[in-house]
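Scroll down for the structure; my scribbles are underneath it.
The values are calculated or read from the model by the stated rules, or taken from the named source; none is laboratory data. Small disclaimer: the values here were computed from a predicted structure and weren't measured. We place every Cβ from the backbone using ideal geometry, glycine too, and count neighbours over all the protein chains shown. Keep in mind that these areas ignore ligands, DNA and RNA; they rest on the heavy atoms of the full protein, side chains included. Shrake-Rupley method; radii C 1.70, N 1.55, O 1.52, S 1.80 Å.
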Amino acid sequence: MKKFLVVDDEVLIRKSLVRAFGASGFQCDEAENGMQALDKISKNDYRAVLLDVIMPEKNGYEVLLEMKKKTPVFVISAFTGDDTNIGYIQNDPRVVEYITKPFDDIFAIVKLVVSRTI
Ligand SMILES: [Mg+2]
């Protein structure tokens, strides 16, 4: 079974997603910045990537720009209406869904990501 990749620089968010996937029977790798994410994406075939936007060492937009694979991406961020970069990710065909932080129900997020990917 393919693993998921959780990318977020906030350790509590990253760990709680990884734990929720694990409790639901799914394995995850994790990355704490954009550079780590790109490295892991290039070396692994993930079922999907959960990608934070605001991160050190390359942000989520840069990860999307630089990743070569067609791996499905779920963007996780606290979006604001005046975000000038949002147009770019809205046009990236790999982006399946936007998940807004903070999370109401982390297991609902697991269900969503699992149900929208193979
Ligand atoms: Mg962040």
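Residue count for segment 64-101, restricted to those that are at pLDDT below 95, in contact with a strand residue (DSSP E or B) (Cβ under 7 Å, 6 or more places away or on another chain) and open to solvent by less than 30 Å² (accessible area, probe 1.4 Å): 8. Scanning segment 2-13 for residues that are open to solvent by less than 80 Å² (accessible area, probe 1.4 Å) and closer than 19 Å to GLU62 by Cα yields LEU5, VAL6, VAL7, ASP8, ASP9.
Selection over segment 35-52 of residues that are of a type outside the set (Gly, Ala, Ser) and surrounded by 23 or more Cβ atoms within 10 Å (Cβ to Cβ) gives a count of 5. When PHE26 is tested against (1) crowded, with 17+ Cβ neighbours inside 10 Å; (2) within 14 Å of the chain's Cα centre (by Cα), exactly one condition is not met: (2).
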